[in-house]
Structures are given as structure tokens and as C-alpha cells.
Amino acid sequence: MTGRTEGIVLRSRTLGEADLIIEYLTKDFGTRSAFAKSPRKIKSRFGGSLEPFTHARIALTGKEDANLPRLTQSDIIRSFHPLRENTPGFIKACQFAELVMKLLPSEGRSHNAFALMLWGLDGLEKDPASVLVPLVFKLRLLELAGYAPALNGCTRCGGQTDVFYPRDGALLCGGCKKEGPALGLSAALIALHKSLSVFPLEKLSRIKPSGALLTELERFVELHFSEGVNVHIRSVKF
Amino acid sequence: MARGVIENLIEQLTKLPGVGRKSAQRLAFFILNMKDEDALALAGAITALKQNARFCQKCFNITDSDTCEICRDSLRDRKRICVVEEPSNILVVERSGGFNGLYHVLQGALSPIDGITPAMLRIKELVDRVHNDGVDEVVIATNPNTRGEVTARHIKEALGSFNVAVTRIAYGLPLGGDIEFADEITMKKSLEGRTRLE
């Protein structure tokens, strides 16, 4: 493939002595890996543009069916360097990157996911301790990847219920329930989930949920990831 | 038979980084034409390396005895420790001639996304050395990239309760480089780390 697009560095892996394979979330081509020649050398023209979470204008060259195009240009649009200098914020951003790599398909247009990632990184850079930003990021990413929990009544019969079955990723009523773990959700949490899923990202700061509600939502999201989506995040606090 | 022997060596040499089949072929025929004692010395060096190489018990550098040459050197400044990611980094610092203290090899750098945590590195051993050996300064020379930075910050926190100066090697533009090609992060770091001309 050959093309110019914008990309956010999700991760890099060393290849040989001084080369890197960079995993990008691109604006136009989904998640993509690219081969960068010698960026680890001190005088590399790539400089710091391949560091994690850098938003850059990139150029990729290679055959149409090449799995690993070559990175020929990378100009920083926004470095997100302050985020990398804050360990708690950095770990949360690593979780974003990990989830994007695990949940999003590697092809196709990805404008929404790209905008979400930029929003998430911006939010963490401004407030690395934010609880709301990671939660909204995860909920919106689940939506984009097709793994969003179904919280509009019983998924089978449409009846009223507030019991969530993580392995089904949905609410189920007493008549339709299955074996396995279940979690009772408060009406406030279901309402908050709905608001966070549909409210425009740029206006989300207007939503001010209580600490207890955020903790409940955090527990719910973690359970949905581990039991329903079956994704385990490696980037943990240390 | 001869072809099999050559083919086998070519096969083995292509396992080395940066050596393709053509280079391996050239090396194999070069080795074939070497003097016997030189070729056997090369083979012997590889065997000795694999049989005897181990980590220094103090600094985790590569050595062939319990402690490495640097740790045994009584002329070294034992109050300073330079922390590096890999044993190969020690060679680079040594070549610079700018440091006469001891080293500590972490054997990697922290990387949350790859699941590399402090427990997987030699950070606890570094803390123990600082605690037991009366160290005045720890110079952190991890790579100037995100992993190196996260590791440096973690070490600083881990050494927070000790009366030791924790320093970081400088950032900036490489000698012989041109400002025109510098990216904004490197340039910013260079400006932050500027020094007064004497």
C-alpha cells in the first residue's frame, strides 16, 4: 500500500539492530503496522516522532498487498509528550492503545476511532488522574468495535430488568436468565451509561457523576471486558 | 560432503542479525580460507562465550566469573553507579571515557503495554546496592525514549527514601547533526537542558 494519512503511534517493536515496527491507528486505513528503517540510531531523521501516542502525518510506501509497508515520512502534529512524562496517565494511555489493537479491525476507514483516540489522549494529557475519560473511551470503543453492552431492557423478551449477565453482554430478565455470573445495575448507572455513550465528546465535561457512581461504572466496564469481551489488559499500574 | 559442510556454516551464519544469505556465503568462504589457528580461535571464542558467560552477581554485566572486571577494579569510584538497560550499553559508556564509577544493568526497560513490570527488571537489586554500599550518585542512562523515561522515573521514586543524588544523562542534539532536521521534542529538550558557556 502507498498513501499519506494521519497516524497515532500505538506501540513499537524492535526489529534487528536499529529498525522498528510501528503499530499505528491511522485515520484512513484502520490499525496498520509499518516498517521504519533505523529510527533507533541517534541521528535518525524520524527523531522522536515514533514515540508512543505521537500524532503524526505519515507516508507509507509498499505494494498494494504488502502487510508491512515502509514508513518514509513522519511529521509530528502533536507529540503528547507531557502525557508520556506522567506515569499514571501514561499507563492509562497504554491501556487505550492495547484496547485499540485488540478490538479494532486492521482495515477500513477509522475516522471515528481516530477521533476517539485523540480525544482520549487529549483528556489524559489535561488530567492524567481522570476517571471519566478512560471510562468514556472504553465505552465508545466497545460501541465502535461492536461489543457494546446492551442495557435497554431484557435483550431476549424486551421486559424490564436491571440484572446484567456479563457473558451475554446484556441485561436479562428472570424468565430469560442463564447460568453464570450476574451483576445488578442501578438505574442511575444505566442512565449514566446511556448519557456517556451518546453525548457529544466535546460536551462530556458537563456530565458530573458522583464518585460512587463512577466506581460502579468502572466495576461494570471491567467485568464486561473480562467476562463478555474476554479481553485482558496487560498495561497495569506498578 | 564439502558442499554439506559449507552449506551448514552458511545456514548457521544467516541466523546472525543483519547477515543475509549472500553475506553468509562470503563469510563462510572467508572462514574456509582463514589460517587454521584463526578459524579455530574464532570457533573456540564462540564456544567459550556460550559455556562461560554469566551475569555479574553485583551489577548484572556479562562476565566469566562471579563478579565482572569493572566491579573488581579497585580504582573505580564506588560511590557512583551508572544504570543502563543492557550490558552492551556499558561498552558505549566506557568508550566515552566520561565515567569512572560502577554500573548496574537492569536487563530491560519498563513497558506496561508489553507487560514488563519492575519485578521483571533488576531494580530491587539496585535499591539494595544503594542501601548497602553507601552510594552518593545514581546516574540513570536508560535510553532516551518513552520506556527509558518511565524506567528512570520509577527508579527515582524507588530511591526516594535514600540520601542519594539521582541524575539523568542529558538530552539534546547529536554532535555533527543539523538543527534543521531536529524534531520539536528533541529541540525542546535541548533548550530545557541548555548550559551556560564558560
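The values are calculated or read from the model by the stated rules, or taken from the named source; none is laboratory data. All figures in this text were calculated on a predicted structure; none of them were measured in a lab. We place every Cβ from the backbone using ideal geometry, glycine too, and count neighbours over all the protein chains shown.
If a residue counts only when it is β-branched (V, I, T) and in the same structural domain as A:E222 (by TED's automatic domain parsing), which helices (runs of 4 or more DSSP H) contained entirely in the stretch A:80-128 have at least 1 such residues? Correct list: A:87-103.
Filtering the stretch A:58-73 to residues that are part of a strand (DSSP E or B) and either among the aromatic types (F, W, Y) or in contact with a Gly (Cβ under 8 Å, 6 or more places away or on another chain) (or both) leaves A:I58, A:A59, A:L60, A:R70.
Table: residues versus (1) surrounded by fewer than 19 Cβ atoms within 10 Å (Cβ to Cβ); (2) touching a Pro at 6+ places or on another chain (Cβ under 9 Å); (3) not assigned by TED's automatic domain parsing to the domain that holds B:R80.
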position: B:D114; (1), (2), (3): yes, no, no
position: B:E125; (1), (2), (3): yes, no, no
position: B:V130; (1), (2), (3): no, no, no
position: B:D133; (1), (2), (3): yes, no, no
position: B:E137; (1), (2), (3): yes, no, no
position: B:T146; (1), (2), (3): no, yes, no
position: B:E149; (1), (2), (3): no, no, no
position: B:L173; (1), (2), (3): yes, no, yes
position: B:E198; (1), (2), (3): yes, no, yes
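Here is the figure for the stretch A:96-124: residues that are within 14 Å of another protein chain (Cβ to nearest Cβ) and either farther than 16 Å from A:G7 by Cβ or among the β-branched types (V, I, T) (or both) total 5. For the stretch B:107-135, which residues satisfy the criterion of being part of a loop (DSSP other than H, G, I, E, B) and either within 14 Å of another protein chain (Cβ to nearest Cβ) or under 21 Å from B:N163 (Cα atoms) (or both)? Selection gives B:G108, B:A109, B:L110, B:G115, B:T117, B:L121, B:R122, B:G134, B:V135. For B:S74, the criteria (1) in a loop (DSSP other than H, G, I, E, B); (2) touching a residue at least 12 places away in the same chain (Cβ under 8 Å); (3) surrounded by fewer than 18 Cβ atoms within 10 Å (Cβ to Cβ) hold in every case but one, which is (2). Can you pull out every residue in the stretch A:47-85 that is buried (at least 23 other Cβ atoms within 10 Å of the Cβ) and either touching a Pro at 6+ places or on another chain (Cβ under 6 Å) or away from chain B (no Cβ under 11 Å) (or both)? Result: A:L50, A:I58, A:L60, A:L71. The selection criterion, being touching a helix residue (DSSP H, G or I) at 6+ places or on another chain (Cβ under 7 Å) and more than 14 Å from A:I8 (Cα to Cα), does not hold for A:T61.
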